[in-house]
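Structure first, commentary second.
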Amino acid sequence: MKRSAVFGVLLALVVMLGVAGTCFSGHKEEKGLVKGTVTEIVPVEYEMTVKDDHGKETKVRVKDVGDVKVGDNVTIQDGKAKKTIKPKTGGY
């Protein structure tokens with residue numbers, strides 16, 4: 001009887017910590033930040049369509065397009081589009 005009560009308490013504790021672990025993940029979502037490859041630019045409205053690494057397309061209105069072209073990797077934050085430079089990977 002005592003063994004099953006201890007097992008039940010431990011099981012409940014494991015479930016509660018498992019749920020809490022998913023709620024307090026270390027990933028912090030940055031508000032207003034869009035990263036991806038430009039697929040379309042509408043110059044009249046300054047609207048860009050950006051496709052992220054997972055293939056999801058997002059339409060974003062920007063204040064200034066700058067020197068960004070279709071096919072460039074960009075980071076859009078606070079309405080400003082900046083080219084993203086991917087680091088070179090490889091050996092030494």
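Below, the figures for the structure above:
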quantity: Cα-based Rg of the range 33-83 normalised by 2.2 N^0.38 Å, two decimals; calculated: 0.95
quantity: ³J(HN,Hα) computed for each position of the range 51-65 - Karplus, 6.51 cos²θ - 1.76 cosθ + 1.60, integer Hz, glycine/proline x; calculated: 9, 7, 5, 8, x, 7, 9, 10, 8, 9, 8, 10, 7, 9, 7
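Throughout, read-outs are computed from the coordinates displayed, never taken from laboratory work. Since the structure is predicted, the reported quantities are computational estimates derived from the model, not experimental observations.
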